[in-house]
2 protein chains.
Amino acid sequence: MEKLLPDSAISLVEAGWVIPVTPAGAILKEHVVVISGGVIRDVLPARLARERYPEAPRIELPGQALIPGLINLHTHAAMVLMRGLADDRALMDWLQNHIWPVETRLVSSEFVRDGTLLACAEMLRGGVTCFNDMYFYPEAAARAALAAGMRAALGIIVIEMPSAYAADAQDYLSKGLTARDALKNEPLLSFCIAPHAPYTVSDKTFDRIAMLQGVLDLPLHIHLHETREEIETSLARHGARPLARLQSFGLVDANLIAVHAVHVTEQEAVLLAEKGCHVAHCPSSNLKLASGIAAPAQLLKGGVNVGLGSDGAASNNRLDLFTEMRLAALLAKGAEADPTVLPAHTVLEMATVRAARALGMEHRIGTLEPGKSADMTAVNLSAPELLPCYDPLSHLIYAAGREHVTHVWVNGELVVDDGQLTRLDTRQLAAKAAHWKDRIRS
Amino acid sequence: MEKLLPDSAISLVEAGWVIPVTPAGAILKEHVVVISGGVIRDVLPARLARERYPEAPRIELPGQALIPGLINLHTHAAMVLMRGLADDRALMDWLQNHIWPVETRLVSSEFVRDGTLLACAEMLRGGVTCFNDMYFYPEAAARAALAAGMRAALGIIVIEMPSAYAADAQDYLSKGLTARDALKNEPLLSFCIAPHAPYTVSDKTFDRIAMLQGVLDLPLHIHLHETREEIETSLARHGARPLARLQSFGLVDANLIAVHAVHVTEQEAVLLAEKGCHVAHCPSSNLKLASGIAAPAQLLKGGVNVGLGSDGAASNNRLDLFTEMRLAALLAKGAEADPTVLPAHTVLEMATVRAARALGMEHRIGTLEPGKSADMTAVNLSAPELLPCYDPLSHLIYAAGREHVTHVWVNGELVVDDGQLTRLDTRQLAAKAAHWKDRIRS
């Protein structure tokens, strides 16, 4: 890049290694990312950057790898308030006797705001700069994300079950669309249509959603083929597997983000690939709830785009993409009896550019390339437990954890500075967590 | 306990929660562990301890859970120097083209000392107080553990392959036994006989080991039924599966610590239970090398004692029992399609008292009970990413990580104080790691 901007208008982040994700596998030693107006302007060798911009403010991170901010492709952020409330239980016991009763009794705009703030604190400190959320009161979640300085895709949640938030499917849709209108000028926010799951959404509602999608053309965020029971129930009720049923409404296309996709036939994988669909792979949640073992490596091989999600903290119990990256890489190798599948770089793509693609935001985030928003995460690879370091990419996936994240930027703003949140007060968050814990337990 | 000791002879560790592991599932709120002479003298409510020992020095950890020090039941500590050297490769490519060439060229007493020191730093900071090691130059590893103030079970390694360390199986045995003699008065050390694996140890050597065991009666630390190939090779060469072959030498008894045990038939599981054998389950390594998915929950159900190991950092790439605990719990649920198997407390037992039992040290370590050595780990459960906390046991397994470890004691000595190693200089360790990295790369 020629020097088009004065030094005062830019800032430099210099790192021991810059891993831009694109081109695949590239590891740029001692490079600088040049930022202005929240946008990446250039990525160049540190020596050159110092010559070109001698007066520009610079953050030096010689022991760190700088990567694109991680993207959590599926979560229910506010559910952190129920983290570890009930573990080691069968899915229906867990839902019916523990999670749903709390939600029925307590979920409110305040619950979602406070829970999402706590979730944002956890995710930002763990290097996650964007999350794809599905929960009640999406406007409250959106305002929490904005307060945290975090990027979010909010689900316009639709479910037949009435709640304090909405009376019926139509009401969910209206409220979600109203929230979207209210927030349409926020550059950090985007929206998905989020019908909860095939077993909680009626044909009539899917029909309505299909009609709306003709106008909205939004990503469609939905739990799909998570458990065998879901598929059996669909066959019994509708005479079709959930994916086929979605297709009958015209909803299987490049907007579809199928969350979990644990139980997918070869034919279904071909369909997902042909239609340009996306999958949000959530390995911790799938194992913890004993939903089964998905086959992300097979899906990728077949041409399906796969990203990574933490799911909610009530079924994980961490909103931690480092854990999901490592687990995805390891589990695929073990399950497919092939240690070469899901190599480190592929998994990093799943947590960054592939998730961006699923959200329709690949032009804006997911890699460290000129023109994209400066959503970035610095990971310290110099801790004793990470020594020696032969390959920073390997370390990011197999050895490092979220605790090694030192700095995080969203849209050019430093939101985690040397491990500390710059916008959120962790003591206040702890007080809120204690407040909700008391109410949930009472 | 009556007050038998003056306040000056004891010290108190007061924690928000004390989780003694025995009795199973107990969570003692605001309790104190009373220590003197490296031994736990009492566990009692904090209020009572303050009355009884008003003058005793006290460490207060109100946000922490205090648990028994974690025990890594299988590792090759010095291999941290090859951490991440070669990932995403088939086992034989990995061994033959990357690991073995480095070992042949570089392994020495210095390599093992420096590598083991670095491994001890990592393990101690991660709450591990004892490790069961198998590597060349066990005396060098032992001296590193002593320098780190860490408890270790050293393998008297036996393998047919000559190395810089020893010329043949007999030489390995002699050198290991000599090391044991030299170190027999060290209270932190114990020894295992460690024939590397069925495919690297001859009948003649197993015969010799069996004879020696008549005198030594040591735990027998061996890789066993790790891969299908191992079993097929044994059938082809010896006409028996490896476990049956070991049994033919009389080596299947309460001393056996079968590492991995991924491929175990129902009959073999019954045999392991009947003979009182132990298994070291290493889930990360099994997945990463695509060895398969073990069935620890089935083994436990059948009465086999199962502990947890990290394996070496070249195939993991972390010496992190928190990661192994979480992965063991999750993987068992997913693989067995049952979310209730390996609940949190069982997994904590695997990383503590069950590993102690396998090493023949249950009378000395593995729980927080009066009379046992004060090997203890404090885990901060007050970090934002762990809020709220309904159940400290759940958090230890599913939400916390080694980064939440704040204090560690071995034999009553504080070896990690507020996250800092008290005996090891991390800068020196980093310099050693850099030195060996250069030599390995050259």
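Derivation of every value follows stated rules applied to the coordinates shown; laboratory data play no part. Worth saying up front: this structure is predicted, and the values here are computed from it rather than measured. Cβ sites come from the backbone with ideal geometry, for glycine too, and all protein chains shown count toward neighbours.
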Over chain B, relative contact order from alpha-carbon pairs under 8 Å, at least 6 apart, % | 21 percent
Provide an ascending nm list, one decimal, of label-point separations from B:T22 to the equivalent residue in each further copy; define each label point as 7 Å from Cα along Cα→Cβ.
-> 5.9
Most to least packed among A:27-35, A:159-167 [average Cβ atoms within 10 Å] = A:27-35, A:159-167
Once both label points are put 7 Å beyond Cα along the C-beta direction, the B:D7-B:A337 separation in nm becomes 6.2 nm
As straight-line cross-link partners of B:K175, the qualifying aspartates and glutamates (C-alpha separation under 12 Å, not fewer than 8 residues apart within one chain) are B:E139
Where does the charge balance sit around B:G37 when Lys and Arg score +1, Asp and Glu -1, over other residues with C-beta under 15 Å from its C-beta?
-> -1
Of every Cα-Cα pair in chain B, the percent that sits beyond 37 Å | 21 percent
Quantify how strongly other chains surround peptide B:331-343 by giving the mean number of their Cβ atoms within 10 Å of each of its Cβ atoms.
-> 6
Cα long-axis angle, helix B:321-336 against chain B (0 to 90 degrees, to the nearest 10) = 70 degrees
Angle between chain A longest axis and helix A:138-148 axis [Cα atoms, degrees, rounded to 10] | 20 degrees
The value for segment B:297-442 (convex hull of the alpha-carbon atoms, volume per residue, Å³) is 160 Å³
Shape of segment B:340-413, Cα gyration tensor, a/c cut at 1.5 = oblate
Distance histogram in 10 Å bins (all Cα pairs of the protein assembly as shown, percent per bin) | 2, 13, 22, 25, 20, 12, 5, 1, 0
So, by mean Cβ neighbours within 10 angstrom, what's the order for B:235-242, B:249-256, B:83-90 with the highest one leading?
-> B:83-90, B:249-256, B:235-242
The local net charge around B:W17, scoring Lys/Arg +1 and Asp/Glu -1 for residues other than B:W17 whose Cβ lies under 12 Å from its Cβ, equals -2
Full-extension gain in nm, A:D417 to A:L177, via 0.36 nm per residue minus C-alpha separation | 82.9 nm
Over all residues in A:393-404, what is the mean tally of Cβ atoms on other chains that come within 10 Å of each residue's Cβ?
-> 5
Assuming 1.002 mPa s and 20 °C, estimate D for segment A:199-345 with Stokes-Einstein, Rh taken as the Kirkwood radius over Cα pairs, in µm²/s.
-> 136 µm²/s
Principal-axis tilt of helix A:169-182 within chain A, Cα atoms, nearest 10 degrees | 20 degrees
Trypsin sites (Lys or Arg not before Pro) within segment A:180-211, DSSP loop, no more than 13 other Cβ atoms inside 10 Å | A:K184
Over the Cα atoms of segment A:239-295 the radius of gyration and the largest Cα-Cα distance (Dmax), both in Å, equal 11.6, 32
Can you list, shortest first in nanometers, how far A:D217 lies from the same residue in the other copies, with each label 7 Å from Cα toward Cβ?
-> 8.0
Report, for A:D203, each distance to the same residue's label point in the other copies, shortest first and in nm; define the point 7 Å along Cα→Cβ.
-> 7.1
Given Cα pairs under 8 Å that are at least 6 residues apart, what percent is the relative contact order of segment A:22-61?
-> 28 percent
Summing -39500 (n - 2.57) over the DSSP H runs of n ≥ 4 in chain A and dividing by its residue number, what mean residue ellipticity at 222 nm do you reach, to the nearest 500 deg cm²/dmol?
-> -10500 deg cm²/dmol
Say R0 is 60 Å: what FRET efficiency, to the nearest 0.05, do A:S163 and B:E229 get from their beta-carbon distance?
-> 0.65
In whole Å, what are the Cα extents of segment A:224-272 along the three principal axes, biggest one first?
-> 27, 21, 18
Over all directions, segment B:7-163 yields a Cα convex hull whose mean projected area in nm² is 12.1 nm²
Distance from the Cα centre of segment B:246-307 to that of segment B:66-97, in angstrom?
-> 19 Å
Where the centre of each part is set by its Cα atoms, how far does segment B:393-420 sit from segment B:8-36, in angstrom?
-> 14 Å
Calculate the mean, over all residues of peptide A:76-85, of how many other protein chain Cβ atoms lie within 10 angstrom of the residue's Cβ.
-> 4
List the relative contact order of segment A:336-431 as a percent without decimals, with contacts defined as Cα pairs under 8 Å and 6+ residues apart.
-> 22 percent
Rounded to whole Å, how close does chain A get to the rotation axis onto B by Cβ? Give me the residue too, please?
-> A:E403, 2
Shape call, segment A:83-219: gyration tensor on alpha carbons, a/c limit 1.5 = oblate
Share of alpha-carbon pairs per 5 Å distance bin for segment B:93-142, given as whole % | 5, 20, 23, 21, 17, 11, 3
Prolate/oblate/rounded call for segment A:394-442, Cα gyration tensor, a/c under 1.5 rounded = oblate
So for chain A: antiparallel DSSP bridges make up what percent, rounded to the nearest 5?
-> 45 percent
How far is it, in nm, from the label point at B:V39 to the one at B:D425 when both lie 7 Å from their Cα along the line to the Cβ?
-> 3.6 nm
Quick one: Cα centre-to-centre distance for segment B:106-183 and segment A:121-195, in angstrom?
-> 55 Å
In the protein assembly as shown the DSSP beta bridges are antiparallel at a rate, in percent to nearest 5, of 45 percent
For the table A:K204/A:K275; A:K29/B:K432; B:K372/B:K437; B:K288/B:K437, the rows whose alpha-carbon distance is greater than 30 Å are B:K372/B:K437
